[in-house]
Amino acid sequence: RKEVEQDPGPFNVPEGATVAFNCTYSNSASQSFFWYRQDCRKEPKLLMSVYSSGNEDGRFTAQLNRASQYISLLIRDSKLSDSATYLCVVKAGANNLFFGTGTRLTVIP
Amino acid sequence: DVKVTQSSRYLVKRTGEKVFLECVQDMDHENMFWYRQDPGLGLRLIYFSYDVKMKEKGDIPEGYSVSREKKERFSLILESASTNQTSMYLCASSWQGGSYEQYFGPGTRLTVT
């Protein structure tokens, strides 16, 4: 079983739409959770950390459900510039991050 | 701004060649990582290092070795390149401990023919 599983998509949404991605993780001892963004042919970059209480950064909201072992990312009022692949990332152990395969989002004009 | 650089963006090598991929970071990070990224498989950790001369195997170390002689530099070595090592190779670095961000280099697209 994979450490982190995501729906690969693609998600094609119109500008202004709200879109949500979920991700599940297998290790109940996982300690930290993140969403990374990867643009086409570019390196991944941290989008936001995911805290137990949930957190919001502008149009982006991340939630963690430890009991069900899933993480979500909600994007409101989608912009064309949000088109990218979103990687769910889980930290388990001292230094290792486990990456999901990513969910591809395309925002359509 | 944190900067992680990789020696090449594109590399073409023949089967059996020895290949060196170099990574340099300028933020005095303790941790450095090598991943490969393949469609449908995501990023998979090959090796990481948490200090000079220290290395730990990741999930897929077979066919690879690493070297970290200086804090800022982490090298990935393919002793005898094979076609199944054709991939995008990404280097990353981070501070040690706690919840932290990994900073990635731009990647090296390696093709083994």
Inset, instruction - Of the conditions (1) among the charged types (D, E, K, R); (2) part of a strand (DSSP E or B); (3) more than 10 Å from chain A (Cβ to nearest Cβ), B:R109 clears all except one; give me its number. - result: (3)
Inset, instruction - Collect the residues in the stretch A:36-48 that are in contact (Cβ under 8 Å) with a residue 24 or more places away in the chain and either of a type in the set (V, I, T) or under 19 Å from B:D38 (Cα atoms) (or both), keeping them in residue-number order. - result: A:Y36, A:R37, A:Q38, A:D39, A:C40, A:P44
Inset, instruction - Would you check if there is a residue in the stretch B:92-104 being acidic (D, E) and farther than 15 Å from A:N96 by Cβ? - result: no
Inset, instruction - Output the residue which, of all residues in the stretch B:10-54 that are modelled with pLDDT under 95 and basic (K, R), is farthest from A:R41 (Cα to Cα). - result: B:K53
Legend entry - Of all residues in the stretch A:1-35 being over 19 Å from B:Q37 (Cα atoms) and aliphatic (A, V, I, L, M), the one that is farthest from the other protein chains (Cβ to nearest Cβ): A:A17
Inset, instruction - Would you check if B:L21 is more than 13 Å from chain A (Cβ to nearest Cβ) and either touching a Pro at 6+ places or on another chain (Cβ under 8 Å) or among the aliphatic types (A, V, I, L, M) (or both)? - result: yes
Inset, instruction - For the stretch B:44-73, name all the residues that are surrounded by fewer than 16 Cβ atoms within 10 Å (Cβ to Cβ) and hydrophobic (A, V, I, L, M, F, W, C). - result: B:V52, B:M54, B:I60
Legend entry - B:W95 within 12 Å of chain A (Cβ to nearest Cβ) and either more than 22 Å from A:P8 (Cα to Cα) or within 10 Å of the chain's Cα centre (by Cα) (or both): yes
Inset, instruction - Kindly establish whether B:Q6 is in contact with a Gly (Cβ under 7 Å, 6 or more places away or on another chain) and at pLDDT 95 or above. - result: yes
Inset, instruction - Within the stretch A:72-106, count every residue that is away from every other protein chain (no Cβ under 14 Å) and either surrounded by fewer than 17 Cβ atoms within 10 Å (Cβ to Cβ) or over 14 Å from A:L46 (Cβ atoms) (or both). - result: 13
Legend entry - Test: residue in the stretch B:38-49 that is more than 20 Å from A:K91 (Cβ to Cβ) and in contact with a strand residue (DSSP E or B) (Cβ under 8 Å, 6 or more places away or on another chain): yes
Legend entry - Test for B:E101: is it part of a strand (DSSP E or B) and either of a type in the set (D, E) or in contact with a Leu (Cβ under 8 Å, 6 or more places away or on another chain) (or both): no
Inset, instruction - Could you tell me which residue of the stretch B:10-43 is farthest from the chain's Cα centre (by Cα), considering only residues that are basic (K, R) and surrounded by 13 or more Cβ atoms within 10 Å (Cβ to Cβ)? - result: B:K13
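The values are calculated or read from the model by the stated rules, or taken from the named source; none is laboratory data. Remember, predicted model here, so these are calculated numbers, not experimental data. Neighbour counts are summed over all protein chains in view; Cβ atoms, including those assigned to glycine, are modelled from backbone coordinates with ideal geometry.
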